[in-house]
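Note sheet for the following structure.
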Amino acid sequence: MGIHIHKREIKMRKLDSTKVRPLKSEQLLHIEDHDFALRPGFGGSPIPVGIDVQVESIDSISEVDMDFTMTLYLRHYWKDERLSFRSNKNKSMTFDGRLIKKIWVPDVFFVHSKRSFIHDTTVENIMLRVYPDGNVLFSLRITVSAMCFMDFSRFPLDTQNCSLELESYAYNEDDLMLYWKHGNKSLSTDEHISLSQFFIEEFSASSGLAFYSSTGWYNRLFINFALRRHIFFFVLQSYFPAMLMVMLSWVSFWIDRRAVPARVSLGITTVLTMSTIMTGVSASMPQVSYIKAVDVYLWISFLFVFLSVIEYAAVNYLTTIEERKQLKKRGKASGMYSMDAVQAMAFDGCYHDTEEDMDLSPFPEPCEENETRASQTNISNADTPRLKRKRSLKGNVGRIILQNNHAIDTYSRIIFPSVYIVFNFFYWGLYI
């Protein structure tokens, strides 16, 4: 009786399916029974491999290196009947990256890529899903840096067209047909993708063929996107400062032509500032051999600033010639130890319009020191020639400045702003 009960327990254990040892993935998918070094349908028609992409983010755009970095989900679809299995409920099986090395997968790579990697936190971001009829979904999360051939002729008012290209490395069109799985809908993007310097105008998917002389024709897929640059940053950093420097150089036309230190220092300051702005822009750009839009604006602005300095050099020279002629006509020439008005102005930076105002000693004191000495004297009854001159100037400063203006200064006040406004009108009308 005990023996009969023992046999019955053994039979019940065999019928209990929960105690059956589960099959390994290799056994369930018959991996050991096939050579997966060969593509599906080897020797026959090319195997179709569908692709769809979801762009997660565009991480960076580099003008200096002419590349971009993108993070995306890359999904492959194909059918391999060698992986088909029986399933009563027609459910798929999902695996991680450990099974990838044991089966055949498409060898898609990124054309013109510089760097790329599969994310591996906390494990490799790889998913493999196999359906009972042998259809396979292979998904990766990848970050790739690829070249973008940029044209900076309109920088920073430019729009750059970049593309990420996918292609099979080993299988040409006779062995593998690469195509977009859902046509134009195969490319999707995250709604929150944004860049600091660019508007992303559009994403589009396209396909074509690539020819290599040694291996033949290959299917190639393109992820195209257009980037329009934000202009406001460059207006604040380059255009607006350059415009201010040009307008600041015009202040020189309203300063008395005899104020040599003031006009020269103003001109040199604006020239050096424009040079600094141009150097800063060039440092953040690739060393291209053609002229950019920002170069046109900065160089024209620099030319206006430089011409304002040249304008004063011409005014100062012509003023010197004119005053020498006037002194010769009046017979005011002095001896070898005397100094005329022009020489005195060149020495101490002050204009001396009368002979009494000039110090005819071989080493005249600067005008400020002369005023200090005059104020320290105890002679209160007799006014010095300089004090007389100061009193005569009271209330007539504006009139005297206008009378002392050179004709070149008068014309420059109108010509320089007018030409610069016309230049801006044509510049912004052409590039925007």
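Odds and ends about this structure:
- Rg/Rg_globular for segment 244-338, with Rg_globular taken as 2.2 N^0.38 Å and Rg from C-alpha atoms: 1.55
- 24 Å Cα-Cα threshold exceeded, pairs from Lys79/Lys102; Lys102/Lys185; Lys91/Lys181; Lys101/Lys185; Lys114/Lys181: Lys102/Lys185; Lys101/Lys185; Lys114/Lys181
- Near the amide H of Ser207, within less than 5 Å, lie the amide hydrogens of Phe222, all on another chain or at least 5 residues away, with H placed in the peptide plane.
- Taking θ as phi - 60° and the Karplus parameters 6.51, -1.76 and 1.60, the scalar couplings of segment 141-157 work out to 10, 10, 10, 9, 10, 10, 6, 9, 7, 9, 10, 9, 5, 10, 4, x, 9 Hz in sequence order, x denoting glycine and proline.
- Point-charge dipole on Cβ atoms (K/R +1, D/E -1) for segment 169-224, about Cα centre, debye to 20: 60
- Converting phi to 3J(HN,Hα) with the Karplus coefficients 6.51, -1.76 and 1.60 and the offset θ = phi - 60°, segment 310-318 yields 4, 4, 6, 4, 5, 4, 5, 5, 5 Hz in sequence order, with x at every glycine or proline.
- Euclidean distance between Cα centres, segment 57-95 to segment 202-237, Å: 20
- Under 5 Å between amide hydrogens, built in the peptide plane, is the criterion, and for His230 it picks out Phe198, Phe199 among residues at least 5 positions away or on other chains.
- Simple spin-label estimate for Leu248 and Asp35 in nanometres, 7 Å along Cα-Cβ: 7.8
- Once the Cα-Cα distance is subtracted from the 0.36 nm per residue extended length, the Asp65 to Ser207 segment shows a gain of 48.5 nm.
- Rolling a 1.4 Å probe over the heavy atoms of the protein chains gives segment 171-255 an accessible area of 58 Å² per residue.
- Ordering Asp256, Asp133, Asp33, Asp409 by accessible surface, largest first, gives Asp33, Asp133, Asp256, Asp409; the 1.4 Å probe counts only protein heavy atoms, with every chain in place.
- Difference of contour (0.36 nm per residue) and Cα-Cα distance, Lys91 to His119: 7.3 nm
- Put simply, the amide H of Tyr171, placed in the peptide plane, has no neighbours under 5 Å, leaving out anything fewer than 5 places away on its chain.
- Residue list for segment 264-300, given a label point 7 angstrom along the Cα-to-Cβ vector of Asn161 and an amide N cut-off under 20 Å: 293
- In order along segment 121-128, phi translates into HN-Hα couplings of 10, 7, 10, 4, 7, 10, 10, 10 Hz, rounded to whole numbers, per the Karplus curve 6.51 cos²θ - 1.76 cosθ + 1.60 with θ = phi - 60° and x for Gly and Pro.
- Along each principal axis, taking the top coordinate minus the bottom one, the Cα set of segment 269-316 gives 42, 18, 13 Å in descending order.
- Ranked by how many other beta carbons lie within 10 Å on average, peptides 236-248, 277-289 from highest: 236-248, 277-289
The values are calculated or read from the model by the stated rules, or taken from the named source; none is laboratory data. For clarity, every value in this text was computed on a predicted model and none was experimentally measured. In this analysis, Cβ positions are derived from the backbone assuming ideal geometry, glycine residues included, and neighbour counts consider all displayed protein chains. Each accessible area value is taken on the protein alone, full model and side chains, heavy atoms only, with ligands, DNA and RNA left out. Shrake-Rupley method; radii C 1.70, N 1.55, O 1.52, S 1.80 Å.
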